[in-house]
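Here's the structure we're looking at; comments come further down.
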Amino acid sequence: MSTARSIPHLPLAHLPTPLEPLPRLSAALGGPRIWVKRDDASGLAFGGNKARKLEYLLADARQQHADVVLTVGATQSNHCRQTAAAAAKIGMECELLLEHRFPDWPDDYRSGGNRQLDGLLGATVIDCENGTDMDAAMEARAEVLREQGRRPYLIPMGGSSVVGSLGYRTAAVELLRQADDAGFEPREIIHATSSGGTQAGLLAGIALRRREVPVLGVSAGAPAEYLGPVVAGLVAGVFDYIGVDRSVPDQDVVVDDRFVGEAYGMPTVAMHEAVSLCAREEGLLLDPVYTGKAMAGLIERVSNGRYDPTDHVVFVHTGGTPALFAYR
Ligand SMILES: *Cc1c(COP(=O)(O)O)cnc(C)c1O
C-alpha cells in the first residue's frame, strides 16, 4: 500500500484472520448470508481486535524509545490483556490501571477471565475505584515514572488513538480482499464499538479503497451521540496521519446504542440469546460484553427484514472470549 509517510509497524498478530461463512446461523435466522471475520483468532493471548491496534501502538512506542507501556481499562478489559501480551512479546514492561466498576460482583469477575491473564502475562496492575478519572490516573502514574527516569508510552482506553486505529484501516483492506476472493460485496459490516478506533479504521480503510460498504457499530456502552463524533474525529485523524486528502461523510458514521442494556458490561437477555445461538448453531463463541450485544443487533436487523436473502452481511468478531469465564 502506498502512503505518504512510512508508518512504524510490528508484526504481532496472526494475520490475515479467516473470513468464514455461518450457514447454520443464516438458516436459523432465515436471513441473509452471514459471514464472520475471525478477529477473535488474531493471536496475542486469546485474540481480539486490540492485536491489530497494538501492532501500530507498540511500534510507535519503540520508535519513541519507550521502556514501559501504560494503559487503562475496566476490570475485564480485553485491551489491557492484549496489551500485556504484546508488551511481553517485545520485552517491554507493562502497567495496567484497572477501574473496578462492579466491586461487588463474584470472584470470577474480579479475579478470573482477563484479570487472571493480566497477572500471568507479567503486567503490573494498579487497581482503581469505580468513578476514577482514568486518564488523569494514568498521567499521574506516568509522571511518577518520568521522575524516576523512565520513558512511559501511554495508550488511551481501548487503544483508540489515531495510531491504534491504523490497525483497522489495514483490516478493512484485508476483509474487502477476502470478500472479493469469495465473490461478494458486503451489504453491511457489523461490529461491536466502544472506544471507536475499530469503526474509525474500518471506515477509513473502506474509503481509501474507494468502496461503498456500510459499517454499523453496535455500542457496548457509550451513547451514539457521544461515540459518533469520536469515531468521525478518529477517521479524520487517520487520513491526516497518513497524509491523504480524503473524508468520510458524517452520515456514514453509524452507531446503534440500543443494545447496551443497563450499562457497559451488564448482561442483557438479547445478548444471552445471541451468545447461545452462535455457540449451538456454529460452535462459535462470542463474549458477554461486546460481541454478544453486537450480534443481538445483527439478529434484530435480520428480524426486521432489513436484508434480502441474497445479501452478504459480515460480522466482525472482535474477540473478548476470555470474559466468558468471568461471567458464569
Ligand atoms: C475493545 C473491544 C471492542 C470495541 O472496539 P473499539 O475499537 O474500542 O471501539 C469490541 N469488541 C471487543 C471484544 C473489545 O475488546
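Rule-based calculations on the coordinates, nothing more; no lab input. Everything numeric here is computed off the predicted structure, so don't read it as measured data. Neighbour counts run over all protein chains shown; Cβ positions are idealised from the backbone, glycine included.
At a glance:
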item	result
Relative exposure of GLU55, GLU139, judged by other C-beta atoms within 10 Å (fewest first)	GLU139, GLU55
Built amide H within the under 5 Å cut-off of PHE315, gap 5+	TRP35, VAL36, LYS37, ILE190
Student exercise, segment 161-238 dipole from Lys, Arg, Asp, Glu Cβ charges, in Debye to nearest 20	160 debye
Ranked list, fewest to most other Cβ atoms within 10 Å of each Cβ, for MET295, MET138, MET271, MET92	MET92, MET138, MET271, MET295
Radius ratio Rg over Rh of the chain, counting only Cα atoms, Kirkwood formula for Rh	0.95
Size of electric dipole in segment 1-93: Cβ of Lys, Arg +1 and of Asp, Glu -1, about Cα centre, debye, nearest 20	280 debye
Mean Cβ count within 10 Å, highest first, over the residues of peptides 71-78, 144-151	71-78, 144-151
Percent of Cα-Cα distances greater than 17 Å, calculated over segment 289-328	41 percent
Long pairs among LYS50/LYS89; LYS89/LYS293; LYS50/LYS293, criterion Cα-Cα beyond 20 Å	LYS89/LYS293
Theoretical gain in end-to-end length, TYR264 to GLU147 [0.36 nm per residue, Cα-Cα removed]	38.6 nm
Förster-model FRET efficiency, 41 Å R0, GLU139 and LYS89, C-beta, rounded to 0.05	0.95
Kirkwood Rh and Cα Rg combined as Rg/Rh, segment 85-136	1.01
Phi to ³J(HN,Hα) by Karplus 6.51 cos²θ - 1.76 cosθ + 1.60 over segment 98-109, Hz, x for Gly, Pro	10, 8, 9, 6, 10, x, 8, 6, x, 3, 3, 6
Residue among GLY112, ALA263, GLY221 farthest towards the positive dipole end of the chain, charges placed on Cβ	GLY112
Placed amide H near THR193: partners under 5 Å, 5+ positions off or other chain	VAL218, SER219, ALA220
Two-site FRET efficiency, SER111 against GLN63, from Cβ-Cβ distance with R₀ of 41 Å, rounded to 0.05	0.70
Geometric extent, Cα atoms of segment 16-153 - Rg, Dmax (angstrom)	17.8, 61
Cα-centre dipole for the chain with unit charges at Cβ (Lys and Arg positive, Asp and Glu negative), debye to 20	760 debye
Placed amide H near VAL125: partners under 5 Å, 5+ positions off or other chain	LEU96
